[in-house]
Structure formats: structure tokens, C-alpha cells
1. Can you name the number of the only condition in (1) out of contact with any Ser or Thr (no Cβ under 9 Å at 6 or more places or on another chain); (2) at pLDDT 95 or above that P89 fails?
2. Considering only the range 148-165, how many residues are among the charged types (D, E, K, R) and surrounded by fewer than 16 Cβ atoms within 10 Å (Cβ to Cβ)?
3. Taking only pairs six or more apart or across chains, which ones have beta-carbon atoms under 7 Å, a first residue in the range 104-126 that is of a type in the set (D, E), and a second residue that is assigned to a strand (DSSP E or B)?
4. Report, ordered by the first and then the second residue, all pairs with beta carbons closer than 6 Å, sequence separation of six or more or different chains, a first member in the range 66-80 that is of a type in the set (D, E), and a second member that is buried (at least 19 other Cβ atoms within 10 Å of the Cβ) and not in a strand (DSSP E or B).
5. Go through the range 74-112 and report how many residues are β-branched (V, I, T) and surrounded by fewer than 15 Cβ atoms within 10 Å (Cβ to Cβ).
6. Looking only at the range 166-188, filter to residues that are small (G, A, S) and surrounded by fewer than 17 Cβ atoms within 10 Å (Cβ to Cβ); which one of those is farthest from P217 (Cα to Cα)?
7. Identify the residue in the range 43-62 that is among the small types (G, A, S) and not in a strand (DSSP E or B) and, among all such residues, is surrounded by the most Cβ atoms within 10 Å (Cβ to Cβ).
Amino acid sequence: MNRYTLLSLTLAGLLLPGPVLAEEPLTDADAIVARANLAAYYAGEDGRAEARMIIHDAQGREQRRQFTVLRRDHADGGDQDFLVVFSRPSDVRGTVYLVKKHMDRDDDRWLYLPGLDLVKRIAAGDKRTSFVGSHFYYEDVSGRRPSDDVHRLLETTDSHYLLEHRPKDPASVEFTSYRTWIDRRTFLPMKIEYRNAAGEVYRRVEVEAVTDIQGYPTVTRSRISDLDSGAYTDMEFRFIAYDLGIPAEVFSERSLRHPPRKWLARPKP
């Protein structure tokens, strides 16, 4: 979905119906990034998906999470709302994460912890910290704003664009740069590698499966790896649907304590 994110990249993805490659590839890095942002986070006017997350630590132990993601767009490429409601396991059931994504300022983020009956505001500086103990970050759920980085096209092949991105505010992030491999047909980012100050890749995002859903190429399985420790998190999306007509009030602070059961239920076939 997203658009969760995308928050979601092996290159053995399924062949998808989609636009035929243009005779002339794009050469403007900002234009490529804008198209990729739309493809990854703005399919349809809204969306719903169920996610299964398996967290693997460096010792080979596993933790599992299951949750439903709802998304609503204000406009293509513009502000968005996200609601993430956890259902499994029992120690995180009822946890709810709400994001108001803004293009012109820091996003608003809240986390509801049912065990404490506490609504916690996620500070802007915490957006690149672990999301519920996984290797995904809070920022990965709704996606990083294209305007936060300077983009440069490094290479164009028959299958992908390779871009390098450098943060405009280096003090706000833990990486010095990252590279993205963008599929030229779907414009989905298929692999992302983050580099540290030494120029070493320490974090990798890979798409492992893509499926066409309602005409939208959609990431359905991905992995995020911590290359320093060898730990990683797998994510699988199921029961994906777009253009459901989810109303704005679903993404209110009231939904933190009272999740919208109607919209969390799986759509009928």
C-alpha cells in the first residue's frame, strides 16, 4: 500500500502488466523520484492491507507481528493519513499508530499503548528509530519526503534507474547517503542501500515480490536487513484493496483508542 511502505524489495518480482518502457529514458533525477514516490505510496485514492512481520535477530530468534494498515490521500503526491492497528501477538494487540504526513512540515505521529492506556506523541527526531522492535523505522511506514534529499541519477539500464540521495539536513538522520534501484516499468523502488560516514552499506531494503492489484503494481513482500548485525525483518502484505472510500474521520485521534472496525475488516470479494 503505504503505500506503506512502504513502509516494502529481491529482484525476482513477478512480471506485471504495466506501461511499456519509453523509447527515451528519463534523465531528470527529481522527476524519477517523483514518479517513484507516486508508485510506492499513492496507488489509488486510499488503501487497506494486512501485514505479517517476522523479526529475525542476530541469534536467529524470531518475533512476529500482525497488523492492518489504512491509508488516505489528500492529493497525489501531497499530504496523507495512515492508521496502523496491531492484532497479534497478544502483547501488542490493540497498539495503534497514527500518522499525518505533511509535505511542508514535520509529520504528526502518535502511538497508542493499550497496556498503559497511553497516547504517546512520536517526536520528529524519533522518526528513524525502530518501529515496534523491527528493522523498519517509523518513517518507513509513510515514506520519506522527496524534498528532504538531493537526488542524483547515477545510471540508467534497460531495467532500472540507479539514483543516489543525500540528506539536506545530515544532522537529522543516521545515514550520509542512500542509493535506490527503481524499476523503469513500474517505477517501484526495488532496492535501497543506506551508507554510513565511512561509505559502507549498513542497511538494505529489498523487494521480494510484486503483484498487480486493481491495475496498480504493488509490493507484497519485502525485507529490511541490518548488515552490521545480520538481523533482518520480513514483511508480507495480504488482502490489499484500493479505492475503498475511507472517510477522513477514520484518521482522527479518536481512532487510537477506538479503532474503526468497519474499515479494518477484510473487504468482501
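1. In the conditions (1) out of contact with any Ser or Thr (no Cβ under 9 Å at 6 or more places or on another chain); (2) at pLDDT 95 or above, P89 misses (2) alone.
2. So the answer is 4.
3. D107/V99; D107/K100; D107/K101; D108/K100
4. Once the first residue is of a type in the set (D, E) and sits in the range 66-80, its partners that are buried (at least 19 other Cβ atoms within 10 Å of the Cβ) and not in a strand (DSSP E or B) give D73/Y42; D76/Y42.
5. Total meeting the criteria: 0.
6. A171
7. Ranking the qualifying residues of the range 43-62, first place goes to A43.
Residue by residue, here is whether (1) among the β-branched types (V, I, T); (2) part of a helix (DSSP H, G or I); (3) over 22 Å from D46 (Cα atoms) holds:
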| position | (1), (2), (3) |
| --- | --- |
| D91 | no, no, yes |
| R128 | no, no, yes |
| H135 | no, no, yes |
| E139 | no, yes, no |
| R144 | no, no, no |
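The values are calculated or read from the model by the stated rules, or taken from the named source; none is laboratory data. The model shown is predicted, which means the values in this text are computed figures rather than measured ones. Every residue, glycine as well, gets a Cβ built from its backbone with ideal geometry; the counts of neighbours run over all protein chains shown.
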